[in-house]
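First comes the structure, then the notes that go with it.
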Amino acid sequence: MGFALGLTGHDRQWAEDVVQETLIKAWRNADKLDRRPAMLRAWLFTVARRTVIDGWRSRSARPQELAEIESDAIVLPDESDKTVAAMIIYAALQGLSPEQREAVQRTYLEDRTVNEVAATLGVPPGTVKSRIHHAVRALRKALR
């Protein structure tokens, strides 16, 4: 088995097949084999090596077979949950006042600071914080 593993690049399944094929050939030719241990060992190693060579040749001569995939086994990512979540969030955002929606959009979606949003809108930072606070409370309530 160790010899076959070395020949097959440590492919255990293929090595087991090689050993099995070698032993079957030894069984079929038992009456013709030289029973001296050194000769029997050399014969077994030769048969194993030739079996691996035949395997390499047959693999390179024809393309690798692929298992047929059942159509039920094919799984496509389902984006419907994301779509539904986006629709729910969009509807919840529509329930906010325009000022609250704009404050949430600029701070959370555009990743701006409260001071940047306040300067853009021309209102004090406290007003932006208040709009965001009330908007988050309204969104939590709407999303329950």
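The values are calculated or read from the model by the stated rules, or taken from the named source; none is laboratory data. These numbers come from a predicted model, not from an experiment. We place every Cβ from the backbone using ideal geometry, glycine too, and count neighbours over all the protein chains shown.
A Cβ distance below 6 Å, combined with a sequence gap of six or more or placement on separate chains, defines the contacts here; from segment 125-144, residues that are on the phi < 0 side of the Ramachandran plot and assigned by TED's automatic domain parsing to the domain that holds A103 reach residues that are assigned to a helix (DSSP H, G or I) and loosely packed, with under 12 Cβ neighbours inside 10 Å in the pairs P125/N115. Beta carbons closer than 9 Å, at least 6 apart along the sequence or on distinct chains, never pair a first residue in segment 41-69 that is more than 18 Å from T8 (Cβ to Cβ) and in the same structural domain as T22 (by TED's automatic domain parsing) with a second that is outside any helix (DSSP H, G or I) and modelled with pLDDT of 95 or more.
Just so you know, in segment 47-82 the residues that are assigned to a helix (DSSP H, G or I), acidic (D, E) and exposed (fewer than 10 other Cβ atoms within 10 Å of the Cβ) include one that is modelled with the highest pLDDT, and it is D81.
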